[in-house]
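Quick notes on the structure that follows.
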Amino acid sequence: MTVVTRFAPSPTGRLHVGNIRTALHNALFALRHGGRFLLRIDDTDLERSREGYVEAIHADLDWLGLVPDAMVRQSQRFDLYAREFERLRAAGRVYACYETPEELDLRRKVLLGRGLPPVYERKPEGSPVPAGMAPHWRFKLDHDAPIEWDDLIRGHQKFDPNLISDPVIRRADGSWLYLLPSVIDDIDLGVTHVVRGEDHVSNSAVQLQMFAALGAGPPHLAHEALLVAAEGKLSKRLGSTGVDSLREAGIEPMALLSLLARLGTSQPVEAVPTLSALADGFEFSIFGRAPAHFDLAEVEQLNAKLLHHLDYSQVADRLPNGISEAEWLALRGNIAHLGETADWLPVIRGEIETPEVVPDDKPLLADAALVAASLDWTQDPWHALTGALKASTGRKGRALFHPLRLAITGRDSGPEMGPLIALIGRERSIARLAAASR
């Protein structure tokens with residue numbers, strides 16, 4: 001069996017990290033098993049769907065490296081849905097209904113008032129049809145046996161179909177709801193594994209009967225615990241966790257994916273450089289059932305760790321102001337985002353404001369300027385400078401290194417001084433030491 005998974009977003013808003021986690025797990029499972037990862041745009045709701053969001057979905061997935069093997073749009077498959085609908089109708093598995101939303105709401109309240117489950121009550125065959133009213137259509141559930149399956153994450157699942165309302169699958173205006181088109185697509189596209197959030201468990205119970213009614217074997221099902229943040233369940237309204245916001249903030253794709261791949265699993269969260277490395281060992285048996293907590297601070301930490309090990313070739317086209325390989329290698333161990341490299345360019349290439357230093361450090365800096373002028377800068381000027389000053393002044397540790405760093409860079413902390421001072425160069429370094437000593 002060739003594994004086929006699918007990610008099926010609706011183009012009614014921007015993707016958020018919860019969506020991306022679902023897409024990632026589908027992509028990783030397919031990659032792990034040498035299968036295919038499909039993108040299905042669920043745009044049956046023509047009124048709410050927007051082409052701009054379709055383009056944004058593609059842009060986000062491309063940025064993340066989650067490139068599907070194929071893409072389909074539900075809005076282009078209405079003829080297929082209509083054919084399968086008519087087949088179910090001929091078999092007596094879909095039927096017309098005429099209740100208004102107000103009538104249904106009233107009946108639910110009556111049932112609840114009687115202590116009964118608010119399950120839709122089928123009308124007897126031959127009931128009168130309201131004149132001039134178009135019907136909506138429901139799928140007729142089989143009530144004879146419980147609905148059961150072994151979920152790849154949640155284990156054995158069992159539902160009593162008598163406690164589930166026959167779902168509406170088509171509106172009176174002919175438009176489609178989610179449940180049936182999704183099943184028809186999964187059959188037609190050969191989807192073998194449906195991976196989605198646990199909020200779809202009851203949908204799966206209904207859809208399993210749809211697979212059977214259409215004469216198809218069901219896919220394997222994996223329902224993940226939902227991703228949560230401090231604000232609660234993630235949604236498209238949380239712009240701070242939108243993929244576009246993370247990209248604009250300078251987050252590396254693999255930093256985000258490294259966290260989302262491991263949240264809620266028994267595996268450690270660590271910075272992983274490639275999707276193929278994340279796919280190694282990816283199985284649903286490692287997932288727990290507790291909600292997975294997403295923290296942007298963890299993404300930031302992973303981002304910094306990834307940057308510290310990236311080669312120049314991996315970032316050259318994204319670095320500001322034509323930063324050289326030597327500059328990148330000097331700076332990468334001290335940045336959390338690529339954009340921070342631009343902040344160091346004045347230190348390396350330009351002029352800095354002379355910092356305020358404590359009076360006791362000024363004689364040290366005056367001596368440092370004289371020593372620096374006598375050094376061979378083609379070798380290792382930083383260690384030669386600090387070694388000479390240690391011997392002549394007796395200073396060591398922070399008492400020696402901090403005043404030198406502050407005078408030469410204007411900052412209390414930063415990258416290792418050895419590579420940095422070589423980039424700053426002899427003339428700038430001497431001038432800055434002399435200026436700070438006055």
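If you go through the stretch 326-348 one residue at a time, do you hit one that is farther than 26 Å from residue 246 by Cβ, touching a residue at least 12 places away in the same chain (Cβ under 8 Å) and among the acidic types (Asp, Glu)?
No, the stretch 326-348 contains no residue that is farther than 26 Å from residue 246 by Cβ, touching a residue at least 12 places away in the same chain (Cβ under 8 Å) and among the acidic types (Asp, Glu).
Among the residues that make up the stretch 393-402, is at least one of them under 17 Å from residue 354 (Cβ atoms) and either open to solvent by 30 Å² or more (accessible area, probe 1.4 Å) or acidic (Asp, Glu) (or both)?
yes
Mind checking whether some residue in the stretch 1-16 is out of contact with any strand residue (DSSP E or B) (no Cβ under 9 Å at 6 or more places or on another chain) and farther than 27 Å from residue 170 by Cα?
Yes: the stretch 1-16 contains one or more residues that are out of contact with any strand residue (DSSP E or B) (no Cβ under 9 Å at 6 or more places or on another chain) and farther than 27 Å from residue 170 by Cα.
Mind checking whether some residue in the stretch 191-204 is open to solvent by 70 Å² or more (accessible area, probe 1.4 Å) and in contact with a strand residue (DSSP E or B) (Cβ under 6 Å, 6 or more places away or on another chain)?
No, that holds for no residue.
Residues of the stretch 248-266 being in contact with a Phe, Trp or Tyr (Cβ under 9 Å, 6 or more places away or on another chain) and part of a loop (DSSP other than H, G, I, E, B), which ones?
Of everything in the stretch 248-266, those that are in contact with a Phe, Trp or Tyr (Cβ under 9 Å, 6 or more places away or on another chain) and part of a loop (DSSP other than H, G, I, E, B) turn out to be 263, 264, 266.
Looking at (1) under 15 Å from residue 24 (Cβ atoms); (2) open to solvent by 20 Å² or more (accessible area, probe 1.4 Å); (3) among the aliphatic types (A, V, I, L, M), find the lone condition where residue 271 falls short.
Of everything listed in (1) under 15 Å from residue 24 (Cβ atoms); (2) open to solvent by 20 Å² or more (accessible area, probe 1.4 Å); (3) among the aliphatic types (A, V, I, L, M), residue 271 misses just condition (1).
Listed here are the residues, each with its yes/no results for (1) among the small types (Gly, Ala, Ser); (2) within 19 Å of residue 197 (Cβ to Cβ).
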residue	(1), (2)
12	no, yes
23	yes, yes
66	no, yes
72	no, no
75	yes, no
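Does residue 323 qualify as being hydrophobic (A, V, I, L, M, F, W, C) and without any contact (Cβ under 8 Å) to a residue 24 or more places away in the chain?
The answer is yes for residue 323.
What is the residue count in the stretch 274-288 for residues that are more than 19 Å from residue 227 (Cα to Cα) and either more than 18 Å from the chain's Cα centre (by Cα) or open to solvent by 50 Å² or more (accessible area, probe 1.4 Å) (or both)?
Residues meeting the conditions: 4.
Any residue in the stretch 137-158 that is over 30 Å from residue 288 (Cβ atoms), touching a Lys or Arg at 6+ places or on another chain (Cβ under 6 Å) and in contact (Cβ under 8 Å) with a residue 24 or more places away in the chain?
Yes, the stretch 137-158 has at least one match.
Only helices (runs of 4 or more DSSP H) wholly contained in the stretch 290-400 count here; list those with 2 or more residues that are touching a Lys or Arg at 6+ places or on another chain (Cβ under 8 Å) and either at pLDDT 95 or above or of a type in the set (A, V, I, L, M) (or both). Outline the logic, then answer.
Values: elements: 296-307, 312-315, 325-331, 345-349, 362-374, 381-393.
Correct list: 362-374, 381-393.
Among the residues of the stretch 289-319, which ones are of a type outside the set (A, V, I, L, M), over 17 Å from residue 416 (Cα atoms), touching a residue at least 24 places away in the same chain (Cβ under 8 Å) and open to solvent by 20 Å² or more (accessible area, probe 1.4 Å)?
Within the stretch 289-319, 289, 291, 293, 295, 298, 300 qualify.
Can you name every residue in the stretch 276-289 that is touching a Lys or Arg at 6+ places or on another chain (Cβ under 9 Å) and in a loop (DSSP other than H, G, I, E, B)?
280, 281, 282, 283, 289
Quick check on the stretch 404-438: of everything there that is in contact with a Leu (Cβ under 8 Å, 6 or more places away or on another chain) and not in a helix (DSSP H, G or I), which residue is farthest from residue 308 (Cα to Cα)?
Here the residue is 412.
The values are calculated or read from the model by the stated rules, or taken from the named source; none is laboratory data. Fair warning: this is a prediction, and the values are worked out from it, not measured in the lab. Positions of Cβ are backbone-derived with ideal geometry, glycine not excepted, and every protein chain shown enters the neighbour counts. SASA here: full protein model, heavy atoms, side chains in, ligands and nucleic acids out. Shrake-Rupley method; radii C 1.70, N 1.55, O 1.52, S 1.80 Å.
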